[in-house]
1. Go through region 385-398 residue by residue and turn each phi into a ³J(HN,Hα) via Karplus (6.51, -1.76, 1.60, θ = phi - 60°); whole Hz please, and just put x for glycine and proline.
2. Mind checking which lysines have their C-alpha under 28 Å from Lys86, skipping anything on the same chain fewer than 8 residues away?
3. With the cut-off at 1.5 for a/c, could you classify region 223-319 from its C-alpha gyration tensor as rounded, prolate or oblate?
4. Exactly which chymotrypsin sites (Phe, Trp or Tyr not before Pro) in region 451-491 are in a DSSP loop and have at most 13 other Cβ atoms within 10 Å?
5. Test of understanding: what is the full-extension gain from Arg117 to Ser142, defined as 0.36 nm times their sequence separation minus their Cα-Cα distance?
6. Note down the net charge around Lys433, summing +1 for each Lys or Arg and -1 for each Asp or Glu among other residues with Cβ under 15 Å from its Cβ.
7. Count the net charge of all other residues whose Cβ sits under 11 Å from the Cβ of Arg400, scoring Lys and Arg as +1 and Asp and Glu as -1.
8. When only DSSP loop residues count, what trypsin sites (Lys or Arg not before Pro) in region 211-246 have their Cβ near at most 14 other Cβ atoms within 10 Å?
Amino acid sequence: MNAPRLGRAARRALRLVLPAGIAVLLFVPVRGLIAPQAISPGIVRIAADTPAWPDNPKIQSALTRLADVGRRQGPDAAAVFARQRKMDWRDGRVRVVTVAQTIGGVRNASLAAAAIRQRVEALGGTVETTYRGLVQHTIPLSALETLAADPLIKYIRSPLKPFHQKMMSEGVAVTGANLWKTLVPFRNPDPAKVCILDAGFDGYTSLLGSDLPKTVTIRSFRADGDITGAAEQHGAACAEIVYDMAPNAKMYLVNFETDVEQHNAVDWIVSQGIDVISYSLGWFNAGAGDGSGPIDDDVDYAASKGIAWASSAGNSAQDHWTADKFFDPDGNGYMNFDGFGTEILSFPVPSNETVGVFLNWKDWGTYDGFDYPGSSQDYDLELYILNGATWQFVDSSNNRQTGTQWPVEEIYGYYTDVDATWGLKIRKVNVTKDVRLEVVVMGDYPSIQFFNPLHSVLVPADSPSALAAGATGWDNDSLHFYSGRGPTWDGRMKPDFTAPSGVSTTTYGANGFYGTSASAPHLAGAIALLKGMTPYTIAQIKAVLIKRAVDLGAAGPDNLYGYGRISVKK
């Protein structure tokens, strides 16, 4: 299938949001062959044989590397390293999430979080927000080891972040939403309340009264309270589509930056009596892919309160790789990706685009409603760049999995000022059993060397409570190559529906808003339209959408199109 062609401005708008369980804006880029180039100057180099310092299983390896750079090369080098790894760093402090030991449920977790707050402040840190047993705060780099030594603390990590998956939308006519404007059906006494939950809404004020309602309710859960999300336009484009689909709905614009902030945002959204959430974000390494985990918990909680959660399926179908077990025929400790000696999985990335590589493996254990018990199988992830004909080591992620840590490794933030070919390796460290391995690559959505589209739907679209939207062309209903697909790792069908992508918006212009980021607000808008103009419940509206969906591909529901492309036509 031919890739949609986007301008550079559009491609940048598609960017995701991510770290150790990061979310992304689900939008899509241009593909092309990338010439191998040397790495840009200015990168703080990490020697391949230099272990992170100190080697502490209670601290994420990227943070120990930051501490190592600061200790060996000084604060200026630490600031550069933090910037190139997209860590939140200011004036010698790094933003982290400290996870409390949680024995006995939410009450004890909250008590532990309160105690951790005191420890953090005593060490010169500042607490930004908390949720149950999670404490988001800044802390001097020199105090990380002292904090980790506290028996109340299970783990210290960077905040998880989501990634984006990306005029009158052409999808309005395609889905038949425009036909409802001429009808005078039953109307609920109150309009549907729809919330766009996103990273940022830069430029939304200029759209009020034209591409958005005259008035909207805004609320930021970012630590800095910035509703624009540091000049992020993604949410504004999503809101445009929802308004086009459901112009009578009451609109809420809510943003956040981290996993802890999202948890608090969802609690507030529930308190507002919202009917529909439009969610064009996705998370890497934030759960087992079977509908469990703390991000999926937010979806489940919202659904339990009667809220429909329309979620991007993700844009990773051709950036996703899996293997049933580690394969190392020559015994050198590195994964062989193709059976013929290929130990580096390569992928092209255009200049100035951020590189992200994410590895997890099936050793999560059973989620208990608060956390996963963790893994005792230990793998590492290494990042390389092709310099001429030679693969040059850039960095590694070497979290120590000793039985309580998540089975994840990730490297995110590097870029070059020239087009380049990058690659990753998986190294076996301490493994006693076969486990399934899974990799997702983020770097302007390149097609990786070997990929497997199955199981590529992202968190939280994998939740049984989410209505996941895949992406089809508004003009021809063709499935876009990047559109995340199922099944989930526990065997359920995903996505639930597909919806138009490649549509025009004022925010991104006529070049097109591509990605499942554009599809999710079409689905959310369809639900809000029916909610506000019929007597149906959310469950009944879902049944209507299933019945009216345009079946695409093979007959019947499937893991490419779900029940089909959404339609509200009779």
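Any read-out appearing in this document is the output of simple, stated calculations on the displayed coordinates, not a laboratory observation. Since we're looking at a predicted model, the values are computed, not measured. Note: ideal-geometry Cβ built from the backbone for every residue, glycine included; neighbour counts use all protein chains shown.
1. Along region 385-398, the couplings run 10, 7, 10, x, 9, 10, 7, 9, 5, 10, 6, 9, 10, 9 Hz.
2. Lys58, Lys154, Lys161, Lys166, Lys362, Lys425, Lys428
3. Numbers: a/c = 1.30, a/b = 1.19, b/c = 1.10.
Note, shape of region 223-319 comes out rounded.
4. Passing both the DSSP loop test and the Cβ count: no residue.
5. That pair, Arg117 and Ser142, stretches by 7.3 nm at full extension.
6. Here the count lands on -1.
7. Value of the local net charge: -3.
8. Lys214
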